Amino acid sequence: MSQIVIQHYARPAARRHLWVGLVMASIAVAFGIEQIAFWLSAHPMAAKGLEASLFAGLATGLGAIPVLFLRRPSERLMAPMLGLAGGMMLAASLFSLLVPAVQSVAASPAAWPLGVITALAFVAGVALMQQMDRHTRHAHVESIDSNSVLPRVGLVVAAIALHNVPEGLAVGVSAAAGADHGMTLGIAIQNVPEGWIVASAMLVLGATPLRAAAIALATGLVEPLGGLLGVIASSLAGEALPLALAAAAGAMLWVVSHELIPASHKPGREAAGTAGLAAGFAIMTVLAAAF
């Protein structure tokens, strides 16, 4: 069958059709990029949000560099590193998303009904992530160790993408809303050890160090996609911006509760995981105060 396909595309007419299709696809992509660039130029805060999510995503690739030299982090380091990431995300969801949303609602003359709606938006963010987790076939990358049954690489990549989308969404929404409060820097900092962990998981699955680092960088670049969704949502929200902030906070809280805290609190590592969580929260407290 594959030989027939090769012979088919070896024909001049088929090759012409293939090239025409590639050219049309390239024109469509270029047109889409041009339209996005035009829209971002007209919405400078949205452009800031997209840049912030790109910066945070690239930090994942930076964190993957150690696998080229140090390979996999020790099991003793895994718990505090995951706890650190969880603490920083937990604090970011509070300081940069939920608190600004609540403050905005509290200043409104209809604080009570808007407060209820904002709480429902928060719950909706949690529920959305729960549904994505339920209907997306994936593995839990944080649970992979040398003694585990290794899932396929595609399932691990799906898990990482599921994890990074709400991060990008939250960074995009907060930066575009002018409520960053150190969130972008904080998420970038926590993405550094996360990149090391992701690349280490790829090593366990049999990837070479260079390929493992490249995959970790590619998964980090999922964050700008979430960031684009976030800036679009924030620009369209208008008076409903607190709802977008609350929903992003709920999505991030789900990631912390469902993925990072359980992974950092394996039997015998609870104290180290809690210490990392507290340290991450403390770092984000300083960043929120400074910014």
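The values are calculated or read from the model by the stated rules, or taken from the named source; none is laboratory data. Bear in mind the structure is a predicted one, so any value in this text is a computation, not a measurement. Glycine gets a Cβ as well: all are built from the backbone with ideal geometry, and neighbour counts include every protein chain shown. What goes into the accessible areas is simple: the full protein's heavy atoms, side chains included, and nothing from ligands, DNA or RNA. Shrake-Rupley method; radii C 1.70, N 1.55, O 1.52, S 1.80 Å.
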Pick from VAL105, VAL116: which is at pLDDT 90 or above and surrounded by fewer than 18 Cβ atoms within 10 Å (Cβ to Cβ)? VAL116
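Residues to consider are LEU203, LEU217; find the one that is touching a Lys or Arg at 6+ places or on another chain (Cβ under 9 Å), surrounded by fewer than 22 Cβ atoms within 10 Å (Cβ to Cβ), in contact (Cβ under 8 Å) with a residue 24 or more places away in the chain and part of a helix (DSSP H, G or I).
Just a single option satisfies the conditions, and that option is LEU203.
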Condition check for ALA170: at pLDDT 85 or above, out of contact with any Lys or Arg (no Cβ under 7 Å at 6 or more places or on another chain), surrounded by fewer than 21 Cβ atoms within 10 Å (Cβ to Cβ) and over 30 Å from THR208 (Cα atoms): no
Hits in segment 40-53 - residues which are assigned to a helix (DSSP H, G or I) and either open to solvent by less than 80 Å² (accessible area, probe 1.4 Å) or modelled with pLDDT under 85 (or both): LEU40, SER41, ALA42, PRO44, MET45, ALA46, ALA47, LYS48, GLY49, LEU50, ALA52, SER53
Is it the case that some residue within segment 241-254 is at pLDDT 85 or above and surrounded by fewer than 21 Cβ atoms within 10 Å (Cβ to Cβ)? yes
Evaluate the following for GLU142: is it modelled with pLDDT under 70, open to solvent by less than 30 Å² (accessible area, probe 1.4 Å) and assigned to a helix (DSSP H, G or I)? yes
List pairs: first in segment 104-125 and more than 15 Å from LEU94 (Cβ to Cβ), second small (Gly, Ala, Ser) and not in a helix (DSSP H, G or I), Cβ under 7 Å, 6+ apart or cross-chain? LEU114/SER108
